[in-house]
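Step one of this worksheet: look at the structure below.
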Amino acid sequence: MNFEKARKFFMVWALLVLAFQNNLSAQRVGYSKEELAGRRAALMDRLKDGMVILFGECLPQAGGHFRQDNDFYYFSRIEDVGAILVLAPGTKESFLFLPRQTPRETMVEGPNLLLKDEEARQKTGFTAIHPVSYFDEFIARNARNHGLTFHLRLSPRDTIDSGRWETLIFEGRKNRIHYNDQISIDNYRIRKLKERYPVIAFNDIAPLIDEMRVIKSAEEIDILRRNGKISAEAVKQAILATRPGVFEYQIEAAAMHVILRNGAKGAAYPPIVGSGPNSCIWHYSENSRKVEEGDLVLMDFGADLDYLCMDITRTWPASGKFIPEQREIYEIVLAVQKACIEAYRPGVTAEDVQNHVAEVMLEKGMDPRGLRGGIGHYVGMCVHDVGPRGVSLQEGMVFAIEPALYYPEKNIGIRIEDTVLITRDGCEVLSKDVPKEIEEIEKLMAGKKQPLSIRR
């Protein structure tokens with residue numbers, strides 16, 4: 001495809017997508033005041049006394065939209081920089097601390113409405129809202145009355161795309177160079193509090209938070225369902241934008257357009273669009289190669305909508321048709337994934353799923369090539385969300401299942417991934433609207449060669 005043809009193709013595609021009246025509402029949903037108050041109450045019910053202290057992010061992230069600390073946001077829905085939340089289990093009170101802004105900060109960043117809004121306490125459900133400068137004095141005045149225990153996050157934090165223990169892995173990599181081995185902001189806060197309040201006992205609050213976060217509420221499930229539809233539509237548009245001669249980043253752009261137009265803040269992790277040899281690199285994200293005839297394209301993508309993530313992977317042929325070897329490998333990966341999903345229901349263990357996969361592959365007479373199936377990683381506020389490993393499934397859990405086979409010597413990498421909600425009687429595939437059957441993918445790609453259209 002020469003430059004002029006490529007330019008015309010993407011202009012037509014963009015105009016048609018803009019003209020297409022999507023049935024997805026672009027309004028962000030978020031959580032209700034009652035939902036947040038219920039979370040705070042549930043956490044405090046698990047504790048006898050002391051103070052729960054959760055810190056918000058202290059600085060905006062460079063080069064992107066601000067995203068609050070997951071644990072802090074889970075109980076507050078506050079996105080102000082430099083905020084602190086204190087819960088008092090003994091009295092069932094909750095206190096929010098926010099920084100006072102200079103006139104210039106207000107002009108540049110917008111006002112901190114909660115400190116200036118006289119009705120903020122009633123609107124948010126907090127017992128009181130104080131300036132953050134009062135935090136230390138508040139602790140000194142009240143620690144003994146509430147019991148001499150601080151419930152803090154002593155475990156690592158999670159981010160939008162790194163689980164708690166992945167945070168430690170990346171810290172370890174950073175610290176390979178001793179010039180980089182300063183302690184994290186979380187560990188610095190813990191050390192500072194211990195220095196100031198040596199008589200206080202310290203307890204890790206993260207395990208209790210994880211127990212809550214792993215089971216999704218009705219409001220969270222509504223957001224995840226909507227995110228599943230948005231992210232699925234995004235991957236469909238990426239498939240439609242694929243043909244030999246385009247660049248991987250152009251395929252990424254097709255998907256990003258959909259999620260941003262429908263209210264997401266951005267991608268839940270760096271989008272992976274790997275063509276040809278790049279399809280075999282698990283977390284490839286450079287997305288700079290030109291797609292060639294005969295390539296497979298592996299895309300791993302999901303939106304960040306209202307602080308809840310989606311995780312989808314699809315693999316498709318750039319030319320619109322799988323060649324026999326690609327088809328054979330794809331059918332194995334798909335059979336394993338579908339067998340896993342068939343087995344998911346409350347009470348099931350990873351071993352149960354693997355046994356079912358083995359039975360299905362034996363019945364089909366297919367060599368699984370080492371794939372056993374199982375239960376994937378949790379999905380929620382983090383793509384690799386918090387939650388215990390090795391437990392049986394429970395209603396309300398959400399996770400991604402992603403069997404894959406890679407043959408770098410043949411430039412064949414195939415991964416198929418869906419995000420799944422465990423329901424009362426089985427499971428719901430939240431990302432079901434993006435095709436994964438071979439015939440569906442080839443039919444979708446064949447349609448784009450006619451006058452380009454987008455159909456539901």
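The values are calculated or read from the model by the stated rules, or taken from the named source; none is laboratory data. As the structure is a computational prediction, the values presented were derived from the model and not from experiment. Every residue, glycine among them, receives a Cβ derived from its backbone with ideal geometry; neighbour counts consider all protein chains shown. The area values use the complete protein model at the heavy-atom level, side chains included, leaving out ligands, DNA and RNA. Shrake-Rupley method; radii C 1.70, N 1.55, O 1.52, S 1.80 Å.
A few points about this structure:
- All aspartates and glutamates inside 13 Å of residue 265 as judged from Cα atoms, apart from same-chain residues fewer than 8 positions distant: 304, 306
- Between segment 369-424 and segment 158-233, the alpha-carbon centres lie 21 Å apart.
- Within-11-Å neighbourhood charge of residue 90 [Cβ basis; K, R +1; D, E -1]: 0
- Sum of side-chain charges, residue 53 neighbourhood, beta-carbon under 10 Å (Lys, Arg +1; Asp, Glu -1): +2
- Taken over segment 322-408, the ratio of Cα radius of gyration to 2.2 N^0.38 Å equals 1.16.
- Percent of beta bridges antiparallel (DSSP, segment 211-353, rounded to nearest 5): 100 percent
- Mean ellipticity per residue at 222 nm, deg cm²/dmol - from DSSP H runs of n ≥ 4 across the chain, formula -39500 (n - 2.57): -12000 deg cm²/dmol
- Against the chain, whose longest principal axis comes from its Cα atoms, helix 185-196 is set at around 10 degrees.
- Loop chymotrypsin sites (Phe, Trp or Tyr not before Pro), segment 61-116 (other Cβ atoms within 10 Å of the site Cβ: 14 or fewer; DSSP): 66
- Among the GluC sites (Glu not before Pro) in segment 234-338, those placed in a DSSP loop whose Cβ has at most 14 other Cβ atoms within 10 Å are 286, 292, 293.
- Within the accessible area of segment 347-448 (1.4 Å probe), percent carbon and sulfur: 49 percent
- Taking the C-alpha atoms only, the angle from helix 324-343 to the longest principal axis of the chain is near 40 degrees.
- Built from the Cα atoms of segment 223-321, the convex hull projects on average onto 5.4 nm², one quarter of its surface area.
- Across the chain, Cα pairs under 8 Å and at least six residues apart give a relative contact order of 14 percent.
- Extended-chain gain in nm, criterion 0.36 nm per residue less alpha-carbon gap, residue 321 and residue 140: 58.3 nm
- Over all other residues within a Cβ to Cβ distance under 13 Å of residue 361, the charged ones net out to -1, with Lys and Arg as +1 and Asp and Glu as -1.
- Segment 170-243: trypsin sites (Lys or Arg not before Pro) in DSSP loop, at most 12 other beta carbons within 10 Å: 176
- The residues of the chain expose, per residue, 47 Å² of accessible area to a 1.4 Å probe.
- Remark: the chain is approximated by an ellipsoid whose semi-axes, taken from the C-alpha gyration tensor as √(5λ), come to 43, 26, 20 Å, largest first.
- Along each principal axis, taking the top coordinate minus the bottom one, the Cα set of segment 191-280 gives 67, 33, 24 Å in descending order.
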